[in-house]
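Chemist: Input: one structure, supplied below.
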Amino acid sequence: MAKRGGFPGGGMMPGNMNNLMKQAQKMQKQMEENQKALEEKEFTAAAGGGAVEVTISGKREVKAVKLSEEVVDPDDIEMLQDLIVAATNEALRKVEEEAASTMSKLTGGLGGLGGFGF
């Protein structure tokens with residue numbers, strides 16, 4: 001008996017391949033929609049007990065910086081700089097968390113694409 005090539009167990013049937021392609025296209029469309037929704041959101045974080053507040057878009061662009069009057073001390077500019085950096089980094093972390101959470105929901109917790117280990 002001649003041995004067929006391909007995957008053990010007979011490989012994929014053409015119908016299964018079509019279904020897999022449809023699922024991949026659907027997932028790609030959902031990923032694009034989720035990316036667009038993320039880019040339209042804004043993420044705000046504060047530092048120094050709310051003395052500095054930074055708002056960042058889902059595109060990772062700084063949209064606003066708010067400073068309380070008491071944090072503006074000409075003799076301590078370094079503290080203000082540190083607070084702005086801290087608030088900006090926290091807002092960026094929020095964007096990343098949202099992106100990771102959205103991707104996890106989309107893939108259903110699969111490790112890689114469809115469990116293929118990519």
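The values are calculated or read from the model by the stated rules, or taken from the named source; none is laboratory data. In this text the structure is predicted, and so the values were computed from the model without any measurement. Here the Cβ is made from the backbone with ideal geometry for all residues, glycine too, and neighbour counts use every protein chain on show.
Chemist: Return yes or no: is Ala24 at pLDDT below 90 and surrounded by 10 or more Cβ atoms within 10 Å (Cβ to Cβ)?
Modeler: Yes: the conditions hold for Ala24.
Chemist: Among the residues of region 50-63, is there at least one that is assigned to a strand (DSSP E or B) and within 30 Å of Gln25 (Cβ to Cβ)?
Modeler: yes
Chemist: Which residue out of Glu33, Glu42 is touching a strand residue (DSSP E or B) at 6+ places or on another chain (Cβ under 9 Å), of a type outside the set (Ser, Thr, Tyr) and surrounded by fewer than 16 Cβ atoms within 10 Å (Cβ to Cβ)?
Modeler: Going through Glu33, Glu42 in turn, the sole match is Glu42.
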